[in-house]
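> The structure's right below; bear with me while I get my questions together.
The values are calculated or read from the model by the stated rules, or taken from the named source; none is laboratory data. Here the structure is a predicted model, which means the values were calculated and not measured. In this analysis, Cβ positions are derived from the backbone assuming ideal geometry, glycine residues included, and neighbour counts consider all displayed protein chains. We work out accessible area using only protein heavy atoms, side chains counted, and drop any ligands, DNA or RNA first. Shrake-Rupley method; radii C 1.70, N 1.55, O 1.52, S 1.80 Å.
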Amino acid sequence: MNKRILSVGMAALAVAGLTLGATGCASTKKLSIAFVMGAESDPFFQAMKVGATDEAAAEGVDLIWQGDPSAYDVATQVPIVDNVIAQKPDGLVLIPTDPNGLQASSDKAVAAGIAVANVDTHTADTTDAVITITGDNADGGAKAADAIAGAIGYKAGKSYQVVVGLTSATATTNVGRLDGFKAQVAAKYPGIKIVDVAYSASNPQTANSNVNNWLTKYPNLSGIFAIDGTNASGAAAALQAKNLVGKIALVGYDAYPANVELVKTGVFTALIAQDPAAEARLAIKTLVDYIKNGTKPSNHDVVIPNVTIDKNTSASDLKKYTYVAAK
Amino acid sequence: MPNKVIYEVRNVSKNYGAVVALDGASLKLHAGEVVGLVGDNGAGKSTLVKVLSGAHSPDGGEILLEGVERTWHNPKQALEAGIETLYQDSGLAPHLTVSQNVFLGREKFTKGIFGKLGFLAKKQMEAEAEADLQAVGIAFPSSNRPVSQLSGGQRQAVAIGRAVSWARKVLILDEPTNHLGARQAGEVLEVIKRAKKKGLGVIFISHTLPHVLEVTDRIVVLRLGKIVRDAPTSEYTADTLIGTITGTYGSDE
Amino acid sequence: MGNSIQDSQAPSLLDKVKTSFRNQSVLLVATLVILGVVFQIASEGIFLTTGTLATVLNDWGSYILLAVAQTFVVITGGIDLSVGSTVSLSSVVAGWVLVQGLHLDSSISGDAAIPYVLLAVLVALLVGLTVGALNAFLINILKIVPFIATLATMGAMSGMAIIISGGMPLQGPNDFNLGIPYTVFGVQLPISTTVLTVLIITVIAGLYLHKTRFGLYTYALGSNPFATRAAGISPARHITKVYMLSGGLAGLAGAYAYIRLGAGSPSNGAGMELYAIAATVIGGVSLMGGVGRIIGIALGTLVLFTVQSGLLMVKVVQVSPSLKQVIVAILIAAAVAVQTLQKNGRK
């Protein structure tokens with residue numbers, strides 16, 4: 001019921017906006033920006049929501065936050081996007097769950113006069129998008145390699161054993177990070193050998209079991225790259241339980257508050273963090289600029305690099321990058 | 001009949017929606033008497049059994065046990081009052097042993113703290129089940145064998161033995177000789193005669209009319225939910241019994 | 001006298017051998033021995049070591065309570081798909097009470113954390129019992145079949161776990177020593193306090209299933225619900241007890257996950273219901289109801305995680321993680337096939 005009232009209200013607002021826009025008084029009317037993300041349950045999108053909400057409030061625009069509660073899935077996302085387009089927002093920030101699957105919906109939005117921005121991932125053809133902003137998983141993998149090499153005191157000519165905990169063979173973030181990690185190792189640290197990989201199937205207990213077995217199988221193990229939050233949790237528990245904190249380098253991914261605490265206590269050598277809030281802020285700011293003033297961004301394809309969080313990271317940066325659950 | 005009336009229904013009715021399953025049926029059962037209940041499919045036999053065993057409540061009419069009016073809300077109340085029912089084809093749990101089936105719902109616990117925690121006196125129940133079944137004339141392989149490993153005849157023997165050994169007042173047997181060979185059916189009829197000697201009132205429901213004529217003292221014929229004839233077995237012949245069931249032979253009315 | 005209803009065959013030696021092979025536990029022990037030898041060779045001697053066995057038993061501890069829970073439910077002829085999400089939710093609520101409710105964090109560790117860990121166990125247990133009661137309500141009162149009822153609860157509980165945790169692990173006080181294997185007179189054993197506790201719970205559950213009236217009614221209900229009701233037993237009341245037992249055990253598995261990881265996370269139970277069902281099938285529980293023994297379940301779960309760990313420890317060839325999934329699937333299919341053969345053999 002509320003939703004219907006809201007959508008009728010939105011439509012009325014949008015119509016009013018268009019009418020006023022035609023008479024040149026758009027700045028007095030409140031803009032609406034729709035934000036369709038991947039999966040609400042993912043802390044990554046929770047952190048993104050925080051950035052989006054802050055920026056929308058700062059710009060004085062209405063934010064329509066939408067997306068599937070738990071499934072990162074093209075099949076559930078397409079109808080959500082189509083519904084949002086029907087509400088005629090002024091702008092649409094889209095995190096396409098599939099580059100081809102969301103192309104038609106994106107085109108439909110552009111045809112309806114809605115300014116579109118792609119965040120985190122992008123549709124196959126981004127020419128009509130005002131901006132595309134992506135995180136760089138390969139860069140994150142490379143940074144993880146640097147962090148492990150630093151922690152084990154890498155010296156050329158010596159050999160080191162490293163394992164990688166994955167979630168599955170197909171998770172796109174896993175693939176990008178692993179490729180970046182391997183490329184960096186091959187280029188800069190030829191002495192590091194990736195001796196094994198295993199899947200957690202999204203369960204930290206399984207990730208924990210994998211690391212425990214590796215610790216038996218590779219008594220001389222130098223480092224572990226835990227490629228996402230699930231693997232990071234499982235690996236951290238294994239090292240703590242076996243009293244191997246500080247003896248084996250552990251680089252994790254995603255700045256969950258719990259894991260950031262473990263950087264401070266030395267369980268994690270380093271965490272590689274994305275900055276989802278920054279991606280969301282930039283997207284909204286760019287769209288509002290474009291809608292109000294017609295200004296296009298100087299750079300159409302923006303890549304927001306990952307950051308390395310370790311013991312030397314300043315308190316203010318820690319605060320900035322730690323994921324916060326949206327209320 | 002010399003013995004007292006042990007179980008009685010007066011004018012009971014039961015409708016399932018628009019279908020009248022029982023229409024003012026009245027029936028008396030004496031201690032030490034075997035009453036045959038016969039009728040075509042849909043005549044109301046199984047509905048009457050369910051009313052007598054407490055599985056269904058009648059829409060109207062009275063149920064009296066030893067002259068006292070009773071209302072059954074579930075089968076357990078009838079069981080506890082001394083009325084045992086053997087349902088057609090579904091009396092036993094195949095995965096449980098003979099003794100577990102005999103004692104199902106009436107288990108015995110071990111003495112002391114473990115008994116209070118629900119631990120069962122397995123050996124005691126096995127021995128008692130064996131003794132009880134032997135007492136009613138049922139022989140069976142072993143009381144710790146799962147029922148699923150018994151033959152059809154053995155299963156039926158256990159089911160009847162269970163009902164007979166627990167019955168204190170009334171025994172209701174719904175098609176107990178179904179699917180049995182001649183010799184096994186003969187054994188079941190012997191068990192019924194022995195239950196009668198014990199002073200139980202027995203209601204015997206069967207399609208096998210020679211069995212009914214052999215073992216009963218009285219036969220009650222149901223047709224379309226009504227009792228159309230209630231007479232001593234000696235007053236029926238095989239032909240008049242069939243005629244009464246199908247409605248081609250003149251009834252009491 | 002009617003003693004003609006007798007079975008006449010005396011068991012021959014061949015029958016005895018056949019019978020023992022039809023016994024699921026004998027088969028499973030034989031499987032474990034074979035797997036142990038194969039993995040010991042393939043791992044170049046590191047499989048049968050305390051380190052690997054400790055990991056296998058730690059995994060066993062994570063899943064056995066769910067497998068036991070599933071066993072009770074499946075014997076009644078039902079199924080409980082919500083056990084995995086109950087692990088997630090109960091561990092998250094336990095973490096939430098400690099982190100958000102009492103404002104504690106992971107800096108409390110070792111013996112000082114024990115009282116908080118016990119609180120986490122209690123909270124997780126209560127959450128599990130509540131989910132079980134909800135399942136029983138859906139099945140008994142709303143008359144929804146167990147598969148659909150527990151599928152609905154599964155979705156709802158994992159959603160609740162995400163909402164409460166914000167999708168992130170809640171890291172609270174923990175004593176990791178509880179999960180570390182004991183060392184007795186300088187010899188390291190593969191058993192820790194958590195595994196031992198779970199083992200004791202499993203033994204008690206086994207005694208209850210096989211020796212008490214509660215267990216008897218569980219089998220009776222799955223074997224013949226009509227006969228059970230006719231014997232004066234209330235099926236609804238027993239169903240309620242069984243699903244609450246299942247939920248309670250899943251809650252304890254949530255506490256186990258909390259202690260294992262030092263955190264309540266909404267993904268702590270991800271996919272666990274499928275492994276629990278697989279373990280019960282391997283352990284000889286019939287999904288048709290009425291059949292199953294706890295010893296079989298304990299061994300079946302052990303076989304499943306022996307394979308999981310064993311494949312990772314193999315050194316002579318590289319077993320890719322994807323191939324590992326295929327091998328586990330084949331194992332489950334083989335277990336079902338063996339069951340079917342055994343059943344046909346009996347007829």
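> Out of the residues in segment B:191-212 meeting the condition of being free of Cβ contacts under 8 Å to residues at least 40 places away in the same chain and touching a Ser or Thr at 6+ places or on another chain (Cβ under 6 Å), tell me which one is farthest from B:Ile6 (Cα to Cα).
So, considering only residues that are free of Cβ contacts under 8 Å to residues at least 40 places away in the same chain and touching a Ser or Thr at 6+ places or on another chain (Cβ under 6 Å), the one farthest from B:Ile6 (Cα to Cα) is B:Thr208.
> Answer yes or no as to whether C:Gly247 is under 29 Å from C:Ala113 (Cβ atoms), under 14 Å from the mean Cα position of the chain (by Cα) and either within 14 Å of chain B (Cβ to nearest Cβ) or assigned to a helix (DSSP H, G or I) (or both).
Against the criterion (under 29 Å from C:Ala113 (Cβ atoms), under 14 Å from the mean Cα position of the chain (by Cα) and either within 14 Å of chain B (Cβ to nearest Cβ) or assigned to a helix (DSSP H, G or I) (or both)), C:Gly247 qualifies.
> Still on this structure, please answer the following. Take the residues in segment B:142-179 that are open to solvent by 30 Å² or more (accessible area, probe 1.4 Å) and in a loop (DSSP other than H, G, I, E, B); name whichever of them is modelled with the lowest pLDDT.
Filtering first and then ranking leaves B:His179.
> Which one of these is within 13 Å of another protein chain (Cβ to nearest Cβ) and under 29 Å from C:Leu216 (Cβ atoms): C:Trp96, C:Trp60?
That would be C:Trp60, the only listed residue that is within 13 Å of another protein chain (Cβ to nearest Cβ) and under 29 Å from C:Leu216 (Cβ atoms).
> Only residues that are under 15 Å from the mean Cα position of the chain (by Cα) and of a type outside the set (Asp, Glu): list them for segment B:77-101, please.
B:Ala78, B:Leu79, B:Ala81, B:Gly82, B:Ile83, B:Thr85, B:Leu86, B:Tyr87, B:Gln88, B:Ser90, B:Gly91, B:Leu92
> Looking only at segment B:121-140, count every residue that is open to solvent by 30 Å² or more (accessible area, probe 1.4 Å) and either among the aliphatic types (A, V, I, L, M) or more than 17 Å from B:Ala195 (Cα to Cα) (or both) and tell me the total.
8
> Restricting the search to segment A:185-213, which residues are within 8 Å of chain C (Cβ to nearest Cβ) and in a loop (DSSP other than H, G, I, E, B)?
A:Ala201, A:Ser202, A:Asn203
> Looking at A:Ala71, is it surrounded by fewer than 17 Cβ atoms within 10 Å (Cβ to Cβ), part of a loop (DSSP other than H, G, I, E, B) and under 20 Å from the mean Cα position of the chain (by Cα)?
yes
> Considering only residues that are away from chain B (no Cβ under 14 Å) and assigned to a loop (DSSP other than H, G, I, E, B), which ones fall in segment C:256-286?
Result: C:Gly262, C:Ser265, C:Pro266, C:Ser267, C:Asn268, C:Gly269, C:Ala270, C:Gly271, C:Gly283.
Yes or no, residue by residue, for (1) more than 25 Å from A:Val61 (Cα to Cα); (2) within 14 Å of chain C (Cβ to nearest Cβ); (3) open to solvent by less than 60 Å² (accessible area, probe 1.4 Å):
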| residue | (1), (2), (3) |
| --- | --- |
| A:Lys264 | yes, yes, no |
| A:Ala280 | no, no, yes |
| A:Ile284 | no, no, yes |
| A:Lys292 | no, no, no |
| A:Lys311 | yes, no, no |
| A:Ala315 | yes, no, no |
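> Please state which one of A:Pro89, A:Pro43, A:Pro79 is crowded, with 23+ Cβ neighbours inside 10 Å and either more than 19 Å from A:Asp107 (Cα to Cα) or free of Cβ contacts under 8 Å to residues at least 24 places away in the same chain (or both).
A:Pro43
Residues are listed down the side, and each one gets a yes or a no for (1) among the aliphatic types (A, V, I, L, M); (2) on the phi > 0 side of the Ramachandran plot; (3) assigned to a strand (DSSP E or B); (4) modelled with pLDDT of 90 or more:
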residue: A:Val15; (1), (2), (3), (4): yes, no, no, no
residue: A:Leu20; (1), (2), (3), (4): yes, no, no, no
residue: A:Ile33; (1), (2), (3), (4): yes, no, yes, yes
residue: A:Ala47; (1), (2), (3), (4): yes, no, no, no
residue: A:Ala75; (1), (2), (3), (4): yes, no, no, no
residue: A:Asp82; (1), (2), (3), (4): no, no, no, yes
residue: A:Pro99; (1), (2), (3), (4): no, no, no, no
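> Do any residues in segment B:172-190 that are closer than 16 Å to B:Gln154 by Cβ and away from chain C (no Cβ under 11 Å) have Cβ atoms under 6 Å from those of residues that are open to solvent by 10 Å² or more (accessible area, probe 1.4 Å) and assigned to a loop (DSSP other than H, G, I, E, B), where the two are at least six apart or on different chains, and which pairs are they?
B:Thr177/B:Thr208
> Report whether or not B:Ser53 is among the polar types (S, T, N, Q) and away from chain C (no Cβ under 14 Å).
Judged against the criteria, B:Ser53 is not a match.
> Name, by its number, the condition in (1) among the hydrophobic types (A, V, I, L, M, F, W, C); (2) open to solvent by 10 Å² or more (accessible area, probe 1.4 Å); (3) out of contact with any Lys or Arg (no Cβ under 9 Å at 6 or more places or on another chain) that does not hold for A:Ala117.
(2)
> Here are some residues: B:Leu96, B:Leu104, B:Leu117. Which one is within 10 Å of chain C (Cβ to nearest Cβ) and closer than 22 Å to B:Gly82 by Cβ?
It is B:Leu104.
> Considering C:Thr31, C:Thr76, C:Thr50, which residue is within 14 Å of chain A (Cβ to nearest Cβ) and in contact (Cβ under 8 Å) with a residue 12 or more places away in the chain?
Only one candidate passes the filter, namely C:Thr50.
> Give the residues of segment A:55-68 that are surrounded by fewer than 21 Cβ atoms within 10 Å (Cβ to Cβ) and in a helix (DSSP H, G or I), sorted by residue number.
Those that are surrounded by fewer than 21 Cβ atoms within 10 Å (Cβ to Cβ) and in a helix (DSSP H, G or I): A:Ala57, A:Ala58, A:Glu59.
> Exactly one of these conditions fails for C:Val195: (1) touching a residue at least 24 places away in the same chain (Cβ under 8 Å); (2) in a helix (DSSP H, G or I); (3) more than 14 Å from chain A (Cβ to nearest Cβ). Give me its number.
Result: C:Val195 passes all but (3).
> So which residues in segment B:72-84 are more than 7 Å from chain C (Cβ to nearest Cβ) and open to solvent by 20 Å² or more (accessible area, probe 1.4 Å)?
Of everything in segment B:72-84, those that are more than 7 Å from chain C (Cβ to nearest Cβ) and open to solvent by 20 Å² or more (accessible area, probe 1.4 Å) turn out to be B:His73, B:Asn74, B:Gln77, B:Glu80.
> For C:Val29, only one of the following conditions fails: (1) modelled with pLDDT under 95; (2) more than 23 Å from the chain's Cα centre (by Cα); (3) among the β-branched types (Val, Ile, Thr). What is its number?
If we test C:Val29 against (1) modelled with pLDDT under 95; (2) more than 23 Å from the chain's Cα centre (by Cα); (3) among the β-branched types (Val, Ile, Thr), just (2) comes out false.
> Any idea which residue in segment C:167-211 is farthest from C:Leu98 (Cα to Cα), counting only those that are touching a strand residue (DSSP E or B) at 6+ places or on another chain (Cβ under 8 Å) and polar (S, T, N, Q)?
Filtering first and then ranking leaves C:Asn174.
> Restricting to segment A:237-262, name every residue that is open to solvent by 10 Å² or more (accessible area, probe 1.4 Å) and under 13 Å from A:Thr313 (Cα atoms).
Within segment A:237-262, just A:Glu261 meets the criteria.
> Any residue at all in segment B:198-205 that is of a type in the set (Gly, Ala, Ser) and over 26 Å from B:Val20 (Cβ atoms)?
Scanning segment B:198-205 turns up at least one residue that is of a type in the set (Gly, Ala, Ser) and over 26 Å from B:Val20 (Cβ atoms).
> Please give the helices (runs of 4 or more DSSP H) falling wholly within segment C:17-133 in which 3 or more residues are open to solvent by less than 10 Å² (accessible area, probe 1.4 Å) and among the β-branched types (Val, Ile, Thr).
Here the list reads C:50-75, C:83-96.
> When residues of segment A:94-114 are filtered for being of a type outside the set (Lys, Arg) and surrounded by fewer than 22 Cβ atoms within 10 Å (Cβ to Cβ), how many remain?
Summing the residues that are of a type outside the set (Lys, Arg) and surrounded by fewer than 22 Cβ atoms within 10 Å (Cβ to Cβ) in segment A:94-114 gives 11.
> Go through (1) outside any helix (DSSP H, G or I); (2) more than 9 Å from chain A (Cβ to nearest Cβ) and name the single condition C:Met168 misses.
Failing condition for C:Met168: (2).
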